[in-house]
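Working notes, beginning with the structure itself.
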Ligand code: GLY
């Protein structure tokens, strides 16, 4: 994959979706609303994006000022059929029609729930994602996957449906607590591990600081995601590279959500990447020094999550309930080197258990 380390791209095309990184709050809505004969606008927010971004956002275009706002609670618990039902009821009461537009202003939960709603209400209305977290700007808002959780299992009902636009205002990241940027870096590391040694070298170099390079990093990550998704939109092969670290991290997230307090996706992903790098080394035999370069990079950036071995069986249960299960063998994405992912690797329970044991030994 070609990574240009100095030039920042600001426009991308993924199927019908135009993705734009916009440094100033320029109006990208007026023409869209006019050309598509939009009858009414609904903005879905959570309490954070409502508090920190909504007022600023609706000042961009006068049509947005007349929109109706629907608020959900932040966090995974909102990715449910109950919340879908509540939002659809509100939209029907507010007389949504097929020419309405839904704008999802928020993080990954908002774009998942709002994208799902937009895909089914009135058999589908246009929607635009305005991601306001780093995780959503580099991953969740892009690629057309929308999904809800079923009970304790993540992303069990979903569909592929592209937003009409994704507009990224990096300035909204200034409204976030610092740990939000920190934890989203797990996804940035993942892009390096699956796609580009050059990108990995850049983001792990001593001189690198995520906060001073944010816009370039967003642009690089979007380019890698768009390249991958354009090759395999429906997620049968190439796109599965994006799952690296996620089979185990989703299970860790579900464990914390059900047994303790929820932890962020990025924090769980840092542990998932360590475990799945360990399994990758067993499978592909790269050097110990490479294994520990990756592991130490992650341990130096993210807090360690203690997971008692008594929860290992529960983690396996979550992984077996995960959507990436295929014909009863567990289907993982692994890496054979930094920058080189291999999809559809069959992984055993024993390998997962030994990776959790390895992670426990990483505790400093
Ligand atoms: N976030 C993984 C994907 O879009 O396929």
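The values are calculated or read from the model by the stated rules, or taken from the named source; none is laboratory data. Because the structure is predicted, anything quoted here is derived from the model rather than measured. Every residue, glycine among them, receives a Cβ derived from its backbone with ideal geometry; neighbour counts consider all protein chains shown.
Quick look at the values:
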quantity	calculated
Any hit, the range 281-292, residues being outside any helix (DSSP H, G or I), on the phi > 0 side of the Ramachandran plot, more than 16 Å from the ligand (Cβ to nearest atom) and at pLDDT 95 or above	yes
Extreme residue, farthest from the chain's Cα centre (by Cα), among residues of the range 119-162 that are away from the ligand (no atom under 13 Å from the Cβ), within 23 Å of residue 48 (Cα to Cα) and assigned to a loop (DSSP other than H, G, I, E, B)	132
Residue in the range 66-73 that is touching a residue at least 12 places away in the same chain (Cβ under 8 Å) and in a helix (DSSP H, G or I) present	no
Residue list for the range 299-357, filter: modelled with pLDDT of 95 or more, surrounded by fewer than 20 Cβ atoms within 10 Å (Cβ to Cβ), in a loop (DSSP other than H, G, I, E, B) and in contact with a helix residue (DSSP H, G or I) (Cβ under 6 Å, 6 or more places away or on another chain)	305, 339
Residues that are within 16 Å of the ligand (Cβ to nearest atom), in a helix (DSSP H, G or I) and surrounded by fewer than 22 Cβ atoms within 10 Å (Cβ to Cβ), drawn from the range 241-275	none
Residue in the range 192-206 that is touching a helix residue (DSSP H, G or I) at 6+ places or on another chain (Cβ under 6 Å) and within 15 Å of the ligand (Cβ to nearest atom) present	yes
Test for residue 12: is it surrounded by fewer than 21 Cβ atoms within 10 Å (Cβ to Cβ), touching a residue at least 40 places away in the same chain (Cβ under 8 Å) and not in a loop (DSSP other than H, G, I, E, B)	yes
Qualifying residue in the range 276-286 (condition: without any contact (Cβ under 8 Å) to a residue 40 or more places away in the chain and buried (at least 21 other Cβ atoms within 10 Å of the Cβ))	yes
Residue 217, sole failed condition from (1) touching a residue at least 12 places away in the same chain (Cβ under 8 Å); (2) farther than 19 Å from residue 335 by Cβ; (3) within 15 Å of the ligand (Cβ to nearest atom)	(3)
Output for the range 100-134, where each listed residue is buried (at least 24 other Cβ atoms within 10 Å of the Cβ) and either on the phi > 0 side of the Ramachandran plot or at pLDDT below 95 (or both)	106
Residues located in the range 84-101, provided they are touching a residue at least 40 places away in the same chain (Cβ under 8 Å) and over 13 Å from residue 41 (Cα atoms)	84, 87
Within the range 198-240, tally of residues that are in contact with a strand residue (DSSP E or B) (Cβ under 7 Å, 6 or more places away or on another chain) and exposed (fewer than 15 other Cβ atoms within 10 Å of the Cβ)	2
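Yes/no per residue for (1) closer than 19 Å to residue 343 by Cα; (2) modelled with pLDDT of 95 or more:
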residue	(1), (2)
192	yes, yes
195	yes, yes
208	no, no
213	no, no
218	no, yes
222	no, yes
225	yes, yes
